[in-house]
Amino acid sequence: MSRPGAVRFACALVLLLAAAPPAGAQEKLRIVKQPGLGYLPLIVMREQKLIEKRVPGLEIEWRQLTSGPVIRDAMIAGQMDIGSGGLGPFIQAIDKGLDWKTLGALTEMPLYLNCARPDVKGLRDLKPADRIAMPALGSLQHVVLQMQAEKELGDPKKLNTQIVAMSHPDGTAAILSKREITCHLSAPPFQYEQLRDRGLHKVFDSYQAAGGPHTFTLVWASDKWVKAHPKLVRAFVEAFREATDFVNAKPAEAVRLYAVSEKAKSTPEELLSIVKQDGIVYRLAPSGLLKFAAFMHKIGMIKAVPPSWRDYAFEHLHALPGN
């Protein structure tokens with residue numbers, strides 16, 4: 001982030017928190033993520049205890065769930081304070097009336113559709129019996145598949161009945177076994193690990209489907225919770241920014257933390273080669289929010305599209321070059 005942008009970011013964060021009411025008592029901060037390199041800044045934050053350094057004595061509960069929709073439901077139930085996941089579930093939650101906004105994007109990453117049948121060169125080659133694994137209906141992967149289905153098949157919902165919900169690790173195991181599923185739409189590092197098997201190949205990626213790069217994962221919280229806990233919000237956002245800067249400045253150290261703490265199947269060297277791939281960027285500014293919202297509105301997944309991406313974001317992000 002440029003120095004002027006960083007100054008505006010910091011000033012906006014101070015104003016946001018200064019306007020909040022006094023913090024309510026909270027002995028624990030509950031944060032949830034999913035598997036994969038899309039959550040690398042959160043992993044750095046957790047392993048380096050960047051929040052605890054700012055709030056000594058704070059107990060933090062870190063949980064891992066398998067999809068954005070599952071995380072959304074856990075937050076609605078009051079089981080988590082800060083959630084994370086793909087654009088799809090986040091946009092849908094806000095459209096349903098939840099007072100959520102993003103605290104910052106985690107990463108831009110292309111998502112691959114990998115297939116195990118060599119004759120599948122495009123979606124037209126899939127047969128009714130073929131199954132496509134992804135985290136869940138309503139996930140970002142689901143939106144991406146519908147984008148590509150509209151382009152290739154003229155019907156965004158054509159393949160919806162062929163989707164099976166699987167976590168990234170389970171979907172990877174299934175496609176590598178060449179049983180149960182034909183294709184898997186996942187995320188890094190899983191999609192790259194799959195392609196080490198010569199029997200698998202990439203059919204398309206989400207940048208092709210969306211017409212350019214976009215945020216894959218972001219972090220969110222409710223407006224009510226943010227206003228009630230300014231001290232925790234300040235600590236989290238400052239730690240989030242520090243972790244993102246660390247990933248960009250020291251990617252080899254960041255992926256070593258990932259490899260050990262996440263029990264990765266890839267070596268640190270393999271993970272480093274992945275995060276250095278073209279199109280993979282770790283930054284706080286969200287991208288593609290309105291593009292995805294517009295598509296989801298067009299196909300009936302949401303009712304309305306806000307006038308600006310800033311309607312999806314807390315004020316400390318508004319000076320950043322999002323879209």
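What the table below lists for this structure:
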item	result
Model label zone, ASN248; criterion: amide N under 17 Å from point 7 Å along Cα-to-beta-carbon; scope region 254-282	254-255, 275-282
Against the rule of thumb 2.2 N^0.38 Å, how large the Cα Rg of region 112-210 comes out	0.94
Long-range amide H partners of LEU98 with built H, under 5 Å	none
Kirkwood estimate for region 277-323, i.e. one over the average of 1/r between Cα atoms, Å	11.8
Among ARG72, ARG46, ARG30: highest mean-square fluctuation, GNM of the chain, C-alpha pairs under 10 Å	ARG30
Within region 112-210, percent of DSSP bridges classed antiparallel, to nearest 5	60
Percent of Cα-Cα distances greater than 21 Å, calculated over region 146-303	61
Sequence-separation-based contact order of region 121-250, relative, with Cα cut under 8 Å and 6+ spacing, percent	24
Relative contact order (%) - the chain, alpha-carbon pairs under 8 angstrom, separation at least six	29
Hz values of 3J(HN,Hα) by residue in region 284-298 - Karplus curve (6.51, -1.76, 1.60), Gly and Pro given as x	7, 6, x, 9, x, 4, 6, 4, 5, 4, 4, 5, 4, 5, 4
Candidates GLN162, GLN148, GLN194: whichever shows maximal mean-square fluctuation once the chain is modelled as a Gaussian network with Cα springs under 10 Å	GLN162
Amide H within-cut-off set for ALA313, under 5 Å, with H built and near neighbours excluded	THR102
³J(HN,Hα) computed for each position of region 153-170 - Karplus, 6.51 cos²θ - 1.76 cosθ + 1.60, integer Hz, glycine/proline x	10, x, 9, x, 9, 4, 9, 4, 6, 9, 7, 10, 7, 9, 5, 4, x, 5
Distance between modelled label sites at LYS53 and ALA77, nm, 7 Å Cα→Cβ extension	3.4
Rotationally averaged projected area of region 12-161 (alpha carbon convex hull; nm²)	11.7
Taking all pairs of distinct alpha-carbon atoms in region 138-185, Kirkwood radius in angstrom	11.4
Gain in span if fully extended, LYS263 to ARG179, counting 0.36 nm per residue against the direct Cα distance	27.8 nm
Normalised convex hull volume, the chain, alpha-carbon set, Å³ per residue	124
For ARG30, distant residues with modelled amide H under 5 Å away	GLU61, ASP81, ILE82
Percent antiparallel among DSSP beta bridges (both partners in the chain, rounded to 5)	60
Simple label model, 7 Å out from Cα along Cβ direction - ASP278 to HIS318, nm	3.7
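Values in this text are rule-based calculations from the coordinates and carry no lab data. On a predicted model such as this, the values are computed, not experimentally measured, just so you know. When we count neighbours, we look across all protein chains shown, and the Cβ atoms used for this are built from the backbone with ideal geometry, even at glycine.
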